[in-house]
Every structure is written in structure tokens, then in C-alpha cells.
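Working notes for the structure below.
The values are calculated or read from the model by the stated rules, or taken from the named source; none is laboratory data. Note that the structure is predicted; figures quoted are calculated from it, not measured. Here the Cβ is made from the backbone with ideal geometry for all residues, glycine too, and neighbour counts use every protein chain on show.
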Amino acid sequence: MKGYINFLDKNKKYIFIFITLIVLFFSYWIKDIAFEGSYRIWFSPNSKIMKNYDDFRDKFSTDDTFFCNCI
């Protein structure tokens with residue numbers, strides 16, 4: 001354990017530079033990270049399950065919302 005601590009103490013400048021370069025290297029691609037929260041990505045475009053679900057939503061539900069501010 002002392003050998004490891006001595007290594008870290010002797011090379012702290014190089015370790016700091018190495019970690020900084022690694023962070024900069026990987027942070028370049030962070031702008032390309034995206035989150036797709038749709039459940040549709042798990043089904044093919046012509047999936048029978050999604051077609052049935054869309055038909056059900058068309059028949060029994062809408063995406064319209066009604067808001068009443070009753071103050």
C-alpha cells in the first residue's frame with residue numbers, strides 16, 4: 001500500500017495531466033448524447049402491437065387536454 005501511495009505522490013503532476021486529457025477527450029462527444037424517451041423505439045414501424053395500440057388510442061382517447069383555472 002505504501003508503494004502505491006508513493007507512486008501517486010511522486011507522479012501526481014502526470015496523473016493530473018493524464019486525467020485532464022482523458023476528460024477532455026471524452027467530453028468532446030458529450031454533445032452527441034441524446035435521450036429518446038419514446039416507447040416506439042422498441043417496436044418496428046409496422047408492428048401489429050403498435051397498430052393495435054394506435055387504433056385503441058384513436059377510438060378511446062385523445063391527446064387533447066382541458067385546463068380550467070377555477071380561481
Under 9 Å by Cβ, and 6 or more places apart or on different chains, what pairs join a residue from the stretch 29-47 that is in contact (Cβ under 8 Å) with a residue 60 or more places away in the chain with one that is part of a loop (DSSP other than H, G, I, E, B) and among the hydroxyl-bearing types (Ser, Thr, Tyr)? none
Of all residues being hydroxyl-bearing (Ser, Thr, Tyr) and assigned to a loop (DSSP other than H, G, I, E, B) in the stretch 42-56, which is surrounded by the fewest Cβ atoms within 10 Å (Cβ to Cβ)? Just the residue, please. Ser44
Looking at the stretch 4-41, which of its residues are modelled with pLDDT of 90 or more, exposed (fewer than 10 other Cβ atoms within 10 Å of the Cβ) and among the aromatic types (Phe, Trp, Tyr)? Tyr4, Tyr14, Phe25
